[in-house]
Amino acid sequence: MVGKSEPINGTAKSQPPPSPLSPKSPDLLSGYFSFKSLKLKTKQQELLIRVSILCLVYILAFVTRLFSVLRYESMIHEFDPYFNYRTTLFLTEKGFYEFWNWFDSESWYPLGRIIGGTLYPGLMVTAALLYWGLRFLRFAVHIREVCVLTAPFFASNTTILAYFFGKEIWDTGAGLVAAALIAICPGYISRSVAGSYDNEGVAIFALLLTFYLFVKAVNTGSLSWGLASAFGYFYMVSAWGGYVFIINLVPLYVLVLLITGRYSMRLYVAYNCMYILGMLLAMQIRFVGFQHVQSGEHMAAMGVFFLMQVFYLLDWLKHLLSDTKLFQAFLRMTVTSAVGVGAVALGVGTASGYISPWTGRFYSLLDPTYAKDHIPIIASVSEHQPTAWSSFMFDFQILLFLFPAGLYFCFKRLSDATIFIVMYGLTSMYFAGVMVRLILVATPAVCLISAIAVSATIKNLTLLLRAKTKAPQSASGKGGSSGKAASKGSLDQSQPFQKNGAIALLFGAFYLLSKYVTHCTWVTSEAYSSPSIVLAARGAHGNRVIFDDYREAYFWLRQNTPPDAKVMSWWDYGYQITAMGNRTVIVDNNTWNNTHIATVGRAMSSYEDEAYEIMRSLDVDYVLVVFGGVTGYSSDDINKFLWMVRIGGGVFPVIKEPDYLVNGEYRVDKGAAPKMLNCLM
Amino acid sequence: MATATARSAVLLLALISFLLLLPFLAAALSVDSPKGRRVLVLLDDLATKSSHSLYFRSLQSRGYDLDFKLADDPKIGLQRYGQYLYDGLILFCPATERFGGSLDQAAILDFVDSGHDLIIAADASASDLIREIATECGVDFDEDPLAVVVDHIGYAVSDTEGDHTLIAADDFIDSSVILGDKKIEAPVLFQGIGHSLNPSNNLVLKVLAASPSAYSANPKSKLSNPPSLTGSAISLVSVVQARNNARVLITGSLSLFSNRLFRSSVQKAGSSTRHEKAGNEQFLTEISKWIFHERGHLKAVNVKHNLVGEADEPAMYRITDDLEYSVEIYEWSGSSWEPYVSDDVQVQFYMMSPYVLKTLSTDKKGVYSTSFKVPDVYGVFQFKLEYQRLGYTSLSLSKQIPVRPFRHNEYERFIPAAYPYYGAAFSMMAGFFLFTFAHLYNK
């Protein structure tokens, strides 16, 4: 039924969109014919300026992320990227099928880990393709360089995408501003500096790509754009677990459109195509597999999919039934039964275990206090903490107050596309408030909406300035929205006063934007370019001191321990030990087995003789602990120790947190709790 | 002149080549033997060397190279340049308070910790040093310095001694590995102090226990309060086999080894049979063989595992593979490695807990083998062979092997149970095609 009716209705319904969608095409055409010689030149100039701005932004986005390479060296940062690097290395050396079937016996000893089935391979495959492409072009690069520069490269691509997205939801001006804003926005830079070889670097590009293609598909109602967005979604699924955001936001958006009566055939085509094909493609990723149709996080998308079919059926019946009264009755019956059947199916599925319940991470997104009470391992990660207000300011700066302004403009000119960006902005802002790391997801939305604010304001202000001389011309050239017409109408009444004000406001805007640029550059160079594996500090005389202790320790392990030695450490260091030390670890940053981590936590927080027994049972040969007391390095194991106690105590009730506290506070000096002093740590 | 130099050159060459070959020759001679044969004997005074000569001679006749030193000789040292100079140590110096040279208690314990064997003989005059070394080995001598073992029922009938401190002990440990196949008929004559075993040490064994009627006290004074050590809790001779298979013999009687008791005839009180010779010689010879690893020393070699039907050892198994495991176990018989035959050797396929536990079958030529199916669990497994039997050195082998899950193309391609689904999918495709065709061209 779907297959049959699509072509007919698709063509029928897609007649209206072109006119509201491309309002400037008739104007351009008329301009083209009327002032042929002059306008052509302006057009070319505009194109030239636009392209050169985009090129500059593209380069800027890449260059600003190279601070870390200049400050330190070309190396992989932090924890997870080391695992990604190791797997990429394996992929380029052994080929895709070996990678896909890789059973890694060096991590999670003695359980082992099926690497191919427990990771999102998008990032590694992307880097490997880049690497093979460069090798094919006879560039003798090392895979590490490719990995280091993957994130900046994709950040640059994201700026281009932001331009097109901005163009799609507003106009080219907004697109250009969005590209420029996102190129240097600290919220995005924090995860995409050179060396930060993590899933997010690629995933934000994929996220924006999927959204852009979906909005494009909704605007055009074209199957091919829907297909393209399905592939974008596939890429996103292959790259990052954050794809759950897409598969929940898109149905929510569709639902909002349905409720607000904006249901159209374009939406029907776009969503169905994207959902069905996207689902089938996503199930090809081993890590996702049948979760996509079985787990609670994905149920919303499926529910909306069925709802859409009901809507379509009703639409068709309405078409057939001329009697409105009969239709009303029928409508009531159908909607009730459909919702009832859906609820019963969900209930039965959940009760029988066929539909798995929501995961802890998902719960903790909806209820920020959930993780703290139930899953200490999620709460223990610093980037899962609720966001402080200051970090919003730090990451967004002026975008924070441009964001509401942009929302205002969006609401003034509501369309399917602006509704989408508004919903994207609002939901992601909420999630950014819940978890620090999700600021990253909010960044593109904030940049786009702020870009709309900046672009619309500046355009209005410049219109004010030029209104006197070119009033008729601008009316024909830029008169696209009612909002601008209204502002133009008001400006006519008090012109001289407004003109000065407009100049002042323009200068204010430029001042703010330039402040934004300096802030972003400063943040990038000072805060976000530190690899965290090499530490830099200012010595007493202002000289730079570099602590390279981590890498020295891992190198020591590599050189001085037998090749099959097992190293026990807290899970933070697992990936680095396997990647740099090339030794087997008990637990690592892929925290899939809480019990195993709790066992290590228990070993760390038990008395030495008990700990010895636990470690014998795990065949541990070496224990790695980090102590930062000498240099004042704060994120050492003593600092993390309470989390070991909590996580260990979560599984083994023998370990109790109060045993390690003195009067409810955590002390590590000689006044510490006796159990604390006598434990392995 | 020229010939002379040539001849000397040839001689020199021969000498050098001999010197170069010497270590290899020595190695070739002892290539099979589990332990070397250089033994240091520390004495209180050199008279012991002659008064205990029978025992020393039995060792020397079996090829041991005994090096007698006074315990306070300033030149004694167990190791030089990090290499041990001796493979065994005999402490016949109960009265020594301090060793000469670099030797001290810690050095002796290090010597044992690095896998070397030790014989300690204390006496009624045992010094604190000797007591402490014994304590470290898990044996506590009676703390009363004047106490000796007295047995008014199990004493040896003697013409001269009437205080019943010369005991005829015949409560041997029941182990042919430690004491040899031949039963020791005559009781062993013992005169010295008793000791008890530290209950927290489960490596120490009582080889010769006192009879239930024995006690440890000063025979010259009147017994005012009950003796601390009584009955068969008293051990006369104990052995320790450490985790690294070093063997230690501890006894409270130096005279046990003496020529006098070796030669003396024995008649246990209450028994009518009079043995011409005491059991000391046989007992000590056999137990010395055990101590110096001439008996009861196992080795496991050639651990092999492979898929059934293949010869090479894979780097990784897949779940539900069938595999074969084999190991060769030999026992040192004093002169050669003989196949060890037993039916209780087991292997575990272990990951945090044993998933498979199989008894190995032997072909009586030393090869033990079994075959089993890898469990349907992936992870890093170990082939674990833990073999600990009384008197034998412990075997502890583990070999790590990862077990991987199926590859993507190792699953069944077409499952019979799923044919309805295949049918549904293909009929849907065909139906859709026909429908489209009809819809487009049937107007």
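Here are some notes:
- Scanning the range B:353-365 for residues that are within 14 Å of chain A (Cβ to nearest Cβ), surrounded by fewer than 15 Cβ atoms within 10 Å (Cβ to Cβ) and not hydroxyl-bearing (Ser, Thr, Tyr) gives no hits.
- Here A:THR87 passes the criteria (1) surrounded by 17 or more Cβ atoms within 10 Å (Cβ to Cβ); (2) away from every other protein chain (no Cβ under 14 Å); (3) under 30 Å from A:CYS447 (Cα atoms) except the one numbered (3).
- In the range B:219-261, the residue that is surrounded by the fewest Cβ atoms within 10 Å (Cβ to Cβ) out of those that are outside any loop (DSSP other than H, G, I, E, B) and of a type in the set (Lys, Arg) is B:ARG260.
- Residue in the range B:267-285 that is modelled with pLDDT under 90 and closer than 29 Å to B:THR370 by Cα present: no
- The range B:366-386, subset away from chain A (no Cβ under 14 Å) and under 22 Å from the mean Cα position of the chain (by Cα), residue surrounded by the most Cβ atoms within 10 Å (Cβ to Cβ): B:TYR368
- Test: residue in the range A:608-621 that is closer than 20 Å to B:MET351 by Cβ, in a helix (DSSP H, G or I) and of a type in the set (Val, Ile, Thr): yes
- B:SER176, sole failed condition from (1) among the hydroxyl-bearing types (Ser, Thr, Tyr); (2) under 24 Å from B:VAL204 (Cα atoms); (3) modelled with pLDDT of 90 or more: (3)
- The set of residues in the range B:346-355 that are over 14 Å from B:LYS399 (Cβ atoms) and touching a strand residue (DSSP E or B) at 6+ places or on another chain (Cβ under 9 Å) comprises B:GLN346, B:MET352, B:PRO354, B:TYR355.
- Residues in the range A:169-205 that are open to solvent by 10 Å² or more (accessible area, probe 1.4 Å) and closer than 19 Å to A:SER529 by Cβ: A:ILE184, A:SER190, A:ARG191, A:SER196, A:ASP198.
- The residue of the range A:362-406 that is nearest to A:GLU526 (Cα to Cα), among those that are open to solvent by 20 Å² or more (accessible area, probe 1.4 Å) and among the acidic types (Asp, Glu), is A:GLU383.
- Tally of residues being touching a His at 6+ places or on another chain (Cβ under 8 Å), open to solvent by less than 40 Å² (accessible area, probe 1.4 Å) and not in a strand (DSSP E or B) across the range B:126-170: 2
- Entirely in the range A:350-416, the helices (runs of 4 or more DSSP H) that have 1 or more residues that are out of contact with any helix residue (DSSP H, G or I) (no Cβ under 6 Å at 6 or more places or on another chain) and farther than 30 Å from A:THR220 by Cα: A:360-366, A:370-374, A:389-396, A:399-412
- Per the conditions (1) under 30 Å from A:PRO121 (Cβ atoms); (2) open to solvent by less than 40 Å² (accessible area, probe 1.4 Å), the sole criterion not satisfied by A:MET308 is (1).
- Flag if A:PHE164 is out of contact with any Ser or Thr (no Cβ under 9 Å at 6 or more places or on another chain), within 14 Å of chain B (Cβ to nearest Cβ), free of Cβ contacts under 8 Å to residues at least 60 places away in the same chain and surrounded by fewer than 23 Cβ atoms within 10 Å (Cβ to Cβ): no
- Taking the range B:91-118 as the range and being crowded, with 20+ Cβ neighbours inside 10 Å and within 14 Å of the chain's Cα centre (by Cα) as the test, the residues that pass are B:VAL112, B:HIS116, B:ASP117, B:LEU118.
- Considering the range B:387-414, and only residues there that are touching a helix residue (DSSP H, G or I) at 6+ places or on another chain (Cβ under 9 Å) and within 8 Å of chain A (Cβ to nearest Cβ), the residue that is farthest from B:PHE349 (Cα to Cα) turns out to be B:HIS408.
- Among the conditions (1) touching a Phe, Trp or Tyr at 6+ places or on another chain (Cβ under 8 Å); (2) open to solvent by 40 Å² or more (accessible area, probe 1.4 Å); (3) within 14 Å of chain A (Cβ to nearest Cβ), B:PHE349 misses just one, which is (2).
- Just one of (1) surrounded by fewer than 17 Cβ atoms within 10 Å (Cβ to Cβ); (2) away from chain A (no Cβ under 14 Å); (3) farther than 30 Å from A:ILE114 by Cβ; (4) at pLDDT 90 or above fails for B:SER336. It is (4).
- Hits in the range A:591-602 (condition: open to solvent by less than 30 Å² (accessible area, probe 1.4 Å) and away from chain B (no Cβ under 14 Å)): A:ILE597, A:ALA598, A:GLY601
- Among (1) outside any loop (DSSP other than H, G, I, E, B); (2) out of contact with any strand residue (DSSP E or B) (no Cβ under 9 Å at 6 or more places or on another chain); (3) modelled with pLDDT of 80 or more - the single one A:PHE627 does not satisfy: (1)
- The number of residues in the range A:57-84 being of a type in the set (Ser, Thr, Tyr) and either open to solvent by less than 10 Å² (accessible area, probe 1.4 Å) or within 22 Å of the chain's Cα centre (by Cα) (or both) comes to 4.
- Residue list for the range B:171-212, filter: in a strand (DSSP E or B) and open to solvent by 40 Å² or more (accessible area, probe 1.4 Å): B:ASP171, B:PHE172, B:LEU197, B:LEU205, B:LYS206
The values are calculated or read from the model by the stated rules, or taken from the named source; none is laboratory data. Because the structure is a prediction, the values reported are computed rather than measured. Backbone-built Cβ (ideal geometry, glycine too); neighbour counts: all protein chains shown. Ligands, DNA and RNA are excluded from the accessible area calculation, which covers all protein heavy atoms including side chains. Shrake-Rupley method; radii C 1.70, N 1.55, O 1.52, S 1.80 Å.
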